[in-house]
Every structure is written in structure tokens, then in C-alpha cells.
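Asks: Encoded as C-alpha cells, here's the structure I'll be asking about.
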Amino acid sequence: MTTVLALYRPDDIAEYREALCEWIKVNGLDPKAVSDRWISVEEHDGRRVIRYRAFKHTPDGRRLVDPDDPDQAWTEERTAPLLTDLPEGPSHCVMSQPVRGGVGPL
């Protein structure tokens, strides 16, 4: 079973962008590669990860357009190990909810 420890939605990400970008960097990710659709922190079998949507790019680095929604950038779901604690600012976003099989598309 997977437990969602924190879920940051677009409004949360916009409000706490600076703190979240710093936190993402400390966790080894490039903030420019992380979509603002949502970010979650999850625990599965004692392992904590950051689940997020990453932008897909052309070989020369340009963002691709989502073939299913031409108004959106194309993203794919990824996970990265959680290396640091959650950022302090967006604490109101923190939740604990058991989820079977991960969060899937939000």
C-alpha cells in the first residue's frame, strides 16, 4: 500500500513556488523540468519518493506539446527518491492518505 504524505496542487505550487523550487533542487531535480500540475510525496514499503510530472522534450531541448491536449505541454509521470524533509512553507498541504497502487493521474 502507498501512503500519500503530501500533495501539492497547482494553487499550492504557485503560492509556495520559491520554497518548493529550492526543495526540488535539494532533492536532485531540476525545477524547470517539473510540471506545476501536481507534486506528491509518497511512502511505499518504507521508501519515500517524490512523484511528479516531468516535461517531455525534443532532442534539442524544446518542450513537446501533448498530443491529447494541444493546449498543454506533454508530461510523463516520474518518481525520485525523497532526500530531504518536506518544505516548511506549504505545511497546510500535508495530508496522510492510504492509496492502493500510487496516486495515478490527478
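The values are calculated or read from the model by the stated rules, or taken from the named source; none is laboratory data. Worth saying up front: this structure is predicted, and the values here are computed from it rather than measured. In this analysis, Cβ positions are derived from the backbone assuming ideal geometry, glycine residues included, and neighbour counts consider all displayed protein chains.
Asks: Quickly run through the range 33-77 and pick out the residues that are free of Cβ contacts under 8 Å to residues at least 12 places away in the same chain and charged (D, E, K, R).
Replies: Asp45, Asp60, Arg62, Arg63, Asp66, Asp68, Asp69, Asp71, listed by residue number.
Asks: Any idea which of (1) farther than 18 Å from Asp11 by Cβ; (2) modelled with pLDDT of 90 or more; (3) of a type outside the set (Phe, Trp, Tyr); (4) loosely packed, with under 15 Cβ neighbours inside 10 Å is the one Gln72 doesn't satisfy?
Replies: Unmet condition: (1).
Asks: Sort out which residues of the range 12-43 are of a type in the set (D, E, K, R) and in a helix (DSSP H, G or I), and write them in order of number.
Replies: Across the range 12-43, the qualifying residues are Asp12, Glu15, Arg17, Glu18, Glu22, Lys25, Lys32.
Asks: Of all residues in the range 1-10, which are surrounded by fewer than 16 Cβ atoms within 10 Å (Cβ to Cβ) and closer than 25 Å to His57 by Cα?
Replies: Those that are surrounded by fewer than 16 Cβ atoms within 10 Å (Cβ to Cβ) and closer than 25 Å to His57 by Cα: Arg9, Pro10.
Asks: Scan the range 42-91 for residues that are on the phi > 0 side of the Ramachandran plot and among the polar types (S, T, N, Q) and jot them down.
Replies: Answer for the range 42-91, where residues must be on the phi > 0 side of the Ramachandran plot and among the polar types (S, T, N, Q): there is none.
Asks: (1) out of contact with any strand residue (DSSP E or B) (no Cβ under 7 Å at 6 or more places or on another chain); (2) farther than 19 Å from Leu5 by Cβ; (3) crowded, with 16+ Cβ neighbours inside 10 Å: which one isn't true of Trp23, the others all being true?
Replies: The number of the failed condition is (2).
Asks: When you look at Pro87, is it farther than 22 Å from Val4 by Cβ and either assigned to a strand (DSSP E or B) or modelled with pLDDT under 95 (or both), yes or no?
Replies: no
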